[in-house]
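Each reported figure results from applying straightforward, stated rules to the coordinates on display, with no laboratory input. No experiment lies behind these values; they were computed from the predicted model shown. Positions of Cβ are generated from backbone atoms using ideal geometry, with glycine treated the same way; all protein chains shown enter the neighbour counts.
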Amino acid sequence: MFNKSFDINLNFFSTKSSRLLGVDISSSSVKMIELSMVNKAENTLRLERYVIEPMLKEAILDGNINNLEGVGDSIRRAWKRMETRVKNVALALPAAAVITKKIIVPIGQREDDLVFQVETEANQYIPFTLDEVNLDFQVVRAIPENPNEVEVVIAAARKEKVEDRVAAALTAGLKAAVIDVEHFAAQAAFELIERQLPEGGKDQVIALVDIGASITRLNVLHNGEFVYTRDQPFGGDQLTQEIQNQFNLTFEEAEVAKRNGNLPKSYQADVLQPFCETLAQEVTRALQFFFSSTQYIQVNYIFLSGGCAVIPGLEEVMTERTQVMTQIVNPFVNMELSNRIALRQLKVDAPLLMVACGLAMRSFDPS
């Protein structure tokens, strides 16, 4: 996640201005979160409130806003249900909509010189003119083997992609103060989980598996940095379709039955178990691609997120098939909870809230 920003063109990855709501816009729903800081010295956060509001079907297609009014309506409904006064929001673009590139530059450059070098580098890697994109960068770390250099991440997205997200927030009566990237936001939220692993997860290879409606995304982290990403065309919609076919329901009826658990006894053996097995095979296949295309030969942990993560028995099936310890993500496990939060429901919803949580954490970025 970008903790500090230097703006070129628009405020693409701007720093926080005040309390922010984290708003994750997906094809199935809007997830909205408000956090507060209860102990700055110990970096203790509290989950104040959250909602998950259904999205109009096909309002989002392939990560793009297809129905601005529909998306704006979903955001507006979510905000009303939140019962908050906060109107500044942090949004995110899908990774596919953003071009990122790491470069090495000499340390101690003046900002103007660094901006010039970033623009020069960006011209080589971005297949659009700089007038067509929002471009930003972040100095992320020193280079251990060369103390005179630093690593810089450049991020660029088509202006229209950014403006669509901003317009959706405006339609809902909210102000987009920050635009981030989904996997950077998820990474920020995962840091809350990673610090609970032995030695804070140092030198461990960790696979984050996000099971979406149509795509299962594998992101692999090593010492806090992404080293691999892959999408598999398989997700929760396949389970809904199988329920639809097996029990003669409409897609909408099958989706409701899947969420509520109102299905015949044969569902477990005939539909759910085969789905879990196929999903584990897809993840195993994605890991094999990871091993064959990088220097890594093992994964130490798998963490599941997304709507299907809490399917009963999926953790066990995934552990057995991949031979890797598998857990369900919950970035709130060590947060304080306001009295508005129902703990039992939060455990079900937590795997859906990684991106929204990471976005809400932008309220507390150092300025």
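Taking one quarter of the surface of the C-alpha convex hull of the stretch 79-131 gives a mean projected area of 6.8 nm². Taking amide H as placed 1.01 Å from N in the peptide plane, the amide H of L93 sits under 5 Å from that of D180, V181, E182, each at least 5 places away or on another chain. Restricting the trypsin sites (Lys or Arg not before Pro) of the stretch 229-285 to loop positions (DSSP other than H, G, I, E, B) with no more than 10 neighbouring Cβ atoms within 10 Å leaves K265. Remark: spin-label model distance A167-R81 equals 2.6 nm, labels positioned 7 Å along the Cα→Cβ axis.
P(r) tail, the stretch 197-330: Cα-Cα pairs separated by more than 19 Å, 49% of all pairs. For the stretch 137-227, the square roots of the Cα gyration tensor eigenvalues, ordered a ≥ b ≥ c, give a/c of at least 1.5 with a/b no greater than b/c, which places it in the oblate category. For the pair the stretch 294-314 / the stretch 111-160, the C-alpha centres are spaced 32 Å from each other. Annotation note: trypsin sites (Lys or Arg not before Pro) in the stretch 63-126 located in DSSP loop regions with a Cβ neighbour count of at most 16 within 10 Å are R85, K87, R110. Here is how the number arises for the chain: DSSP H runs of 4 or more residues each give -39500 (n - 2.57), the sum is divided by the residue count, and the result at 222 nm is -10500 deg cm²/dmol. Based on the Cβ-Cβ distance from V333 to D131, what FRET efficiency comes out when R0 is 51 Å, to the nearest 0.05? Computed FRET efficiency for V333 and D131: 0.70. Mind jotting down the distance between the C-alpha centroids of the stretch 250-284 and the stretch 173-216, whole Å? Centre-to-centre (Cα) distance: 26 Å.
Which angle between 0 and 90 degrees, to the nearest 10, do you get for helix 273-293 versus the longest principal axis of the chain when only C-alpha atoms count? So the helix axis and the longest Cα principal axis differ by about 30 degrees. For the chain, how big is Rg over Rh, using alpha carbon atoms and the Kirkwood form of Rh? That ratio is 0.96, to two decimals.
Available extension along the chain between R141 and K57 is 26.1 nm, counting 0.36 nm per residue and deducting the alpha carbon span. With a cut-off of 15 Å between beta carbons, the residues surrounding Q244 carry a summed charge of -3, where Lys and Arg count +1 and Asp and Glu -1. Please compute the contact order of the chain in relative form: average sequence separation of alpha-carbon pairs under 8 Å and at least six residues apart, divided by the residue count, as a percent. It comes to 22 percent, rounded to a whole number.
Each residue of the stretch 299-304 was assigned a 3J(HN,Hα) from its phi angle through the Karplus curve 6.51 cos²θ - 1.76 cosθ + 1.60 (θ = phi - 60°); the sequence is 10, 8, 9, 10, 10, 9 Hz, with glycine and proline shown as x. Take the chain and mark each of the GluC sites (Glu not before Pro) that is in a DSSP loop with at most 11 other Cβ atoms within 10 Å; the longest unmarked stretch, sites excluded, is 146-367.
Helix 182-194 and the long axis of the chain differ in direction by around 80°, with both axes built from C-alpha atoms. With everything on Cα atoms, drop me the angle between helix 251-260 and the longest principal axis of the chain, reported from 0 to 90° to the nearest 10. Compared with the principal axis, the helix lies near 90 degrees.
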